[in-house]
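One structure is given here, and the rest of the page talks about it.
Values quoted throughout were computed directly from the atomic coordinates according to the rules given, and no laboratory measurement underlies them. The structure presented is a predicted model; accordingly, all values stated were derived computationally and were not measured. Glycine gets a Cβ as well: all are built from the backbone with ideal geometry, and neighbour counts include every protein chain shown.
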Amino acid sequence: MGRHQEAVACCDRAIEINSRLAEAWYNKGVALGNLGRYQEAITCCDRALGINPRFAEGWDWKGVALAELGRYQDALACFDRAIEINPRYGKAWYNKGVALGNLGRYQEALACYEGAQRLGYPQAAQGIALCRQKLGR
């Protein structure tokens, strides 16, 4: 934990060896995002998705980075793409719920959190409780 800069360097080495490795670009994007370098994370996700456009985790992480920049509509499009690729990807349903909640769309967010919970995503219960509170239930 907390060795994100070292992870970026490791990913850079992997990319030097094989620049067509989507997972290396994705992992670099995750590490950069964890360092708060969201625009660079988005660029890395775009590289990963250019190699493998059906990489659900890449779409999800790009959405997370966009959301961190307050670009919730763009983030929703990424989460939707991740869910389209893998409808059983609970984390993408959860992250879509977060973005919708940040837009004040609590009913839609609740449905996403409930979907994430059905898929076994553990943090979904917190989102469900928050939405129910916001909706006065």
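Tabulated data
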{"quantity": "For segment 45-84, size of Cβ-based charge dipole, Lys and Arg +1, Asp and Glu -1, in debye", "calculated": "120"}
{"quantity": "Calculated FRET value between Ala111 and Glu6, using beta carbons and R₀ = 25 Å, to 0.05", "calculated": "0.05"}
{"quantity": "Chymotrypsin sites (Phe, Trp or Tyr not before Pro) within segment 27-77: DSSP coil, no more than 10 neighbouring Cβ in 10 Å", "calculated": "none"}
{"quantity": "Long-range tail of P(r) for the chain (Cα pairs > 24 Å, %)", "calculated": "32"}
{"quantity": "Rounded if a/c under 1.5, otherwise prolate or oblate - segment 46-114, Cα gyration tensor axes", "calculated": "oblate"}
{"quantity": "Segment 74-137: C-alpha gyration tensor shape, a/c 1.5 cut-off, then a/b vs b/c", "calculated": "oblate"}
{"quantity": "J(HN,Hα) series, segment 19-33, from Karplus relation 6.51 cos²θ - 1.76 cosθ + 1.60, nearest Hz, glycine and proline x", "calculated": "6, 9, 8, 4, 4, 5, 5, 4, 4, 5, x, 4, 4, 5, x"}
{"quantity": "Packing-based exposure ordering (other Cβ within 10 Å, fewest first) of Arg47, Arg118", "calculated": "Arg118, Arg47"}
{"quantity": "For the chain, calculated [θ]222 nm from helices alone, where every DSSP H run of n ≥ 4 adds -39500 (n - 2.57)", "calculated": "-24500 deg cm²/dmol"}
{"quantity": "Spatial separation of Cα centroids for segment 89-137 and segment 1-42, in angstrom", "calculated": "28"}
{"quantity": "Sequence-separation-based contact order of segment 1-78, relative, with Cα cut under 8 Å and 6+ spacing, percent", "calculated": "23"}
{"quantity": "Rounded to whole Hz, the Karplus (6.51, -1.76, 1.60) HN-Hα couplings of segment 81-88, x for glycine and proline", "calculated": "5, 4, 5, 4, 5, 9, x, 9"}
{"quantity": "Normalised contact order of segment 75-137, rounded percent, pairs of Cα under 8 Å and 6 or more residues apart", "calculated": "30"}
